[in-house]
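Notes for the one structure printed next.
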DNA sequence: ACACATCTTGACCATTTGGTCAGGTTATCC
DNA sequence: GGATAACCTGACCAAATGGTCAAGATGTGT
């Protein structure tokens with residue numbers, strides 16, 4: 001096939017890796033790192049096992065690549081905030097974008113959950129580095145908002161975890177939710193309702209006036 | 001050893017099963033059903049593999065027994081409610097007991113999460129039967145409270161999921177939480193703070209007056 | 001048409017998997 | 001001190017595991 005200058009990537013390779021990655025994400029999401037077998041991933045992708053290994057090198061490398069892909073999506077969602085911003089807008093945007101990540105990438109969300117469940121051996125650096133810094137920087141701003149009387153004085157870190165957990169849940173526990181609510185799947189309309197619900201409860205729960213139109217209240 | 005009338009259980013058996021169950025709960029919680037190996041469980045329990053299998057019969061039976069043990073704990077937590085009850089008290093008790101389950105049985109909580117993550121193949125009946133009925137019966141009462149103006153008209157089912165998710169999170173995502181908050185473990189004091197935080201946000205978020213002392217408000 | 005890198009895959013390997021079993025040890029009741 | 005049921009475990013098994021490799025198929029730039 002085409003003789004390419006080193007770092008470039010064939011079309012064939014792109015297509016195969018796409019199939020493998022998507023298949024692997026499903027399998028790893030369901031069964032975790034150890035519970036997933038290369039054979040199962042190959043079957044899911046409709047390729048021979050040796051072909052899968054030709055592209056990804058090893059099960060471990062494939063898993064790490066998938067985690068990195070998911071962390072990249074996560075990072076893409078996180079934008080900066082400042083004290084000058086409106087708490088209502090920021091928190092609502094935060095909830096909505098996190099929920100959107102769950103809705104558009106349920107498998108990736110579950111993959112992430114499975115990794116945390118096994119003690120996050122592959123994510124220690126990320127959690128203790130980037131993500132910790134991210135949380136702490138938001139926490140500072142939340143604290144300032146509370147000091148200014150723009151929201152109730154709640155612990156910012158638990159608040160962030162509340163938003164993460166309540167949205168993440170709709171990917172990780174989808175099977176439970178579908179079983180209980182007698183649904184085949186969660187529709188886009190369901191996601192709209194749930195997101196509105198969460199925005200409402202959490203903003204009101206923090207004592208944040210919703211979209212105060214004007215400016216400061218304190 | 002003692003010749004026992006059939007259904008009774010030896011002390012030796014009790015002790016061995018205890019060790020095996022606890023070890024298995026840890027391993028299954030970390031790695032899921034497929035990812036856990038009998039050998040790993042045996043090592044964790046400090047017993048030869050054949051001895052583990054002597055007691056539990058098979059990996060599958062062990063897993064199912066553990067799920068049942070966890071569901072029993074869950075059921076023990078769920079008590080009945082009626083329209084006459086005080087919404088604030090009921091919701092707060094609900095949050096507190098769910099959080100207590102998470103705190104006292106983190107491994108079991110994670111085991112449950114892993115089972116749901118893999119699509120809940122062993123819990124379909126439970127989810128679509130008992131648990132669905134439980135949710136629906138609470139939903140009816142919540143709805144009546146809302147109609148009486150005792151709380152905001154929020155969807156009861158999403159509210160229940162919010163409580164489940166925000167509490168469950170502290171078991172399932174413990175590794176993430178510890179990494180981000182620079183903790184070695186969550187202390188009892190942490191749990192108290194988090195529980196208070198969640199009660200506060202969720203009750204206020206639903207427009208429920210906290211412990212109104214007197215009686216109805218509507 | 002030739003060269004050459006990419007791709008494809010069945011055969012194969014050592015190790016681990018869940019599970020069985022036979023032959024033994026232990027403990028307690030009578 | 002037997003009798004007997006419970007307990008224990010190393011040896012073993014077929015199947016599945018992650019991974020390697022060699023030999024060939026494919027495609028494209030020149």
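Quick note: the coordinates plus some simple rules give every number you see, no bench work behind them. These figures come from a predicted structure and were not determined experimentally. Glycine also receives a Cβ, built like all others from the backbone with ideal geometry; neighbour counts cover every protein chain displayed.
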TODO: Over the whole of A:111-124, what's the average partner chain Cβ count within 10 Å per residue? Rounded to a whole number, please.
DONE: 5
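May I ask for the Kirkwood hydrodynamic radius of the protein assembly as shown, worked out over all distinct Cα pairs and given in angstroms to one decimal? Mind dumping the intermediate values first?
Numbers: mean 1/r = 0.0424 Å⁻¹.
Kirkwood radius, the protein assembly as shown: 23.6 Å.
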Open item on the list: Taking every alpha carbon pair in region A:1-119, what does the distance histogram look like in 10 angstrom bins from 0, in percent?
Closed with: 12, 36, 28, 16, 7, 1
Task: Label point 7 Å beyond Cα along the C-beta direction, distances from residue A:93 to other copies (nm, shortest first) - done: 4.3
Task: Label point 7 Å beyond Cα along the C-beta direction, distances from residue A:143 to other copies (nm, shortest first) - done: 4.6
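Given contacts defined as C-alpha pairs under 8 Å and at least six residues apart, what's the relative contact order of chain A, whole-number percent?
Working: 175 pairs, mean separation 49.3, N = 218.
Dividing the mean separation by the residue count of chain A yields 23 percent.
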- [ ] Quickly estimate the mean residue ellipticity at 222 nm for the protein assembly as shown, helices only: each DSSP H run with n ≥ 4 gives -39500 (n - 2.57), and the total goes over all residues, rounded to 500.
- [x] -22500 deg cm²/dmol
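Shielding of A:174-185 by partners, i.e. mean partner chain Cβ atoms within 10 Å per residue? Provide the component values of the computation, followed by the final result.
On the way: counts 4, 10, 12, 7, 4, 12, 11, 6, 3, 0, 0, 0.
Whole-number average of other-chain Cβ neighbours for A:174-185 is 6.
Give me the number: length gained by fully extending residue B:72 to residue B:39, i.e. 0.36 nm times residue separation minus the C-alpha to C-alpha distance, one decimal in nm.
Details: separation 33, 0.36 × 33 = 11.88 nm, distance 2.69 nm.
The residue B:72-residue B:39 span can extend by a further 9.2 nm.
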- [ ] Over the whole of B:152-163, what's the average partner chain Cβ count within 10 Å per residue? Rounded to a whole number, please.
- [x] 4
Open item on the list: Quick check on packing: order A:195-204, B:98-107, A:46-55, A:72-81 by the mean number of other C-beta atoms within 10 Å, highest mean leading.
Closed with: A:195-204, B:98-107, A:46-55, A:72-81
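Ordered by packing density, taken as the mean number of other Cβ atoms within 10 Å over each peptide's residues, highest first, how do B:175-187, A:59-71 rank?
Values: B:175-187: 15.5, A:59-71: 17.3.
Answer by packing, highest mean first, reads A:59-71, B:175-187.
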Task: Shortest-first nm distances, residue A:19 label point to equivalent points in other copies (7 Å, Cα→Cβ) - done: 5.0
